[in-house]
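Can you read through this structure? Questions will come right after.
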Amino acid sequence: MHAPRPDDETERLKSLHHLRVLDTSKEERFDRITRLACRIFDTPVSTIGFIDADRLWFKSSTGFALREVARDGAFCAYTILGDDPMVIPDAKSDPRWQDHPTVAGEPHIRFYMGHPIHAVDGRRVGSFCVVDYRPHSVSSADLQAFHDLSGWVQTELLLPRSRASQLEVVFERERLDSHPRVDSITRFWRAAAIREILERELARSKPERQPVGVMLIGIDGVERAPEKTGRIRGDLVLAEVSHAVSMAVRPYDSLGRWGENEFLVVLPGADLARSAVAAERIRQARSLSRVETSSGPVRATITIAVGSSSDDESASGDDLLAAITEALRLAREGGGNRTRLASLLRR
């Protein structure tokens with residue numbers, strides 16, 4: 001049974017190979033997820049697998065001994081065709097699957113639920129799944145739990161890359177000076193550190209031809225406050241907005257305090273379109289929120305400038321920063337509380 005190939009198959013395989021996860025050793029951080037999935041969903045099998053050109057290779061598997069199987073015929077090869085979970089409550093009674101070799105024959109799969117795993121650039125490279133040989137009903141609570149576990153898989157897969165860039169900054173600089181690298185109010189990187197992280201991500205991404213997105217987020221004007229409370233109010237707004245930003249980005253994105261009321265976000269693998277979608281999501285969420293202070297609630301909107309090296313593969317960190325700084329200025333002149341795309345086209 002031949003599984004269809006995604007439209008972006010060539011680029012998808014490049015993204016998978018850039019992860020360097022294939023044919024690596026088992027790791028407890030993944031195995032604990034598949035063990036937990038079996039307990040939560042009462043299934044004998046759970047796997048975390050990656051879809052190579054002609055095979056499904058398992059990084060982790062509970063209840064399944066093989067390290068790889070043929071791609072064609074694997075349910076997981078169908079999971080990567082879309083972004084939503086693939087749920088088959090009873091394959092034997094489903095006309096689409098009842099003649100599938102693993103349903104009609106050994107091992108007689110009845111229930112399958114799989115969620116796509118994404119590479120840093122968003123391409124679907126694998127599947128996290130649970131399998132049983134008896135049918136299951138799936139509730140909305142089950143789907144939410146499965147989504148949460150899938151997010152855990154995603155974080156474990158991609159977080160080490162971000163940690164590498166950020167820890168290199170810490171290790172190299174801690175011995176050179178005694179100044180803290182983290183802002184005390186926001187708990188984000190200070191400007192020098194986030195700048196170095198941007199340069200490192202650009203250096204990592206260029207050989208792999210992967211984009212790096214950037215956001216410059218500015219807090220719009222907050223209504224006036226008495227002089228003695230203005231600083232406190234400003235710090236409260238800064239802390240609240242920084243928390244909202246940190247909750248809205250991916251675990252492997254890097255955040256820094258860039259100016260008095262500005263943040264810089266580095267998004268590995270994000271082209272201009274993906275960066276813009278993320279920015280607008282952050283802006284809209286922030287515009288609906290208020291900050292509670294001792295002198296009453298304060299509404300603080302944000303303006304965001306977005307850029308990406310996908311707009312110009314030769315762009316340097318200076319190029320990106322200059323472009324988003326200009327875009328933020330223009331957006332604020334236009335009234336603020338908006339998202340603006342930066343142009344990297346050479347003048």
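Return the total of residues in the stretch 112-143 being of a type in the set (Asp, Glu) and at pLDDT 95 or above.
The total comes to 1.
With surrounded by 18 or more Cβ atoms within 10 Å (Cβ to Cβ), part of a strand (DSSP E or B), in contact with a Phe, Trp or Tyr (Cβ under 8 Å, 6 or more places away or on another chain) and not assigned by TED's automatic domain parsing to the domain that holds GLU208 as the only criterion, which of THR47, THR43 stands out? I'd like the intermediate steps shown before the answer.
Numbers: THR43 fails: part of a strand (DSSP E or B).
Selected residue: THR47, the only one of THR47, THR43 that is surrounded by 18 or more Cβ atoms within 10 Å (Cβ to Cβ), part of a strand (DSSP E or B), in contact with a Phe, Trp or Tyr (Cβ under 8 Å, 6 or more places away or on another chain) and not assigned by TED's automatic domain parsing to the domain that holds GLU208.
Please go through the stretch 255-281 and give me each residue that is surrounded by 24 or more Cβ atoms within 10 Å (Cβ to Cβ) and polar (S, T, N, Q), ordered by number.
SER275
Quick check: anything in the stretch 294-309 touching a Pro at 6+ places or on another chain (Cβ under 6 Å), modelled with pLDDT of 85 or more, not assigned by TED's automatic domain parsing to the domain that holds TRP152 and not acidic (Asp, Glu)? Spell out how you get there, then give the answer.
Taking the stretch 294-309 first, the residues touching a Pro at 6+ places or on another chain (Cβ under 6 Å) are 308-309.
Now restrict to residues that are modelled with pLDDT of 85 or more: 308-309.
Narrowing the set further to residues that are not assigned by TED's automatic domain parsing to the domain that holds TRP152 leaves 308-309.
This time we only want the ones that are not acidic (Asp, Glu), so: 308-309.
Yes; the residues of the stretch 294-309 include at least one that is touching a Pro at 6+ places or on another chain (Cβ under 6 Å), modelled with pLDDT of 85 or more, not assigned by TED's automatic domain parsing to the domain that holds TRP152 and not acidic (Asp, Glu).
Of the conditions (1) modelled with pLDDT of 85 or more; (2) exposed (fewer than 12 other Cβ atoms within 10 Å of the Cβ); (3) of a type in the set (Phe, Trp, Tyr), PHE146 clears all except one; give me its number.
(2)
Pairs please, first residue from the stretch 13-34 and closer than 23 Å to ASP132 by Cα and not assigned by TED's automatic domain parsing to the domain that holds TYR252, second anywhere and surrounded by fewer than 17 Cβ atoms within 10 Å (Cβ to Cβ) and of a type in the set (Ser, Thr, Tyr), Cβ atoms under 8 Å, 6+ apart in sequence or on different chains.
Going by the 8 Å Cβ cut-off, there are no qualifying pairs.
The values are calculated or read from the model by the stated rules, or taken from the named source; none is laboratory data. These figures come from a predicted structure and were not determined experimentally. In this analysis, Cβ positions are derived from the backbone assuming ideal geometry, glycine residues included, and neighbour counts consider all displayed protein chains.
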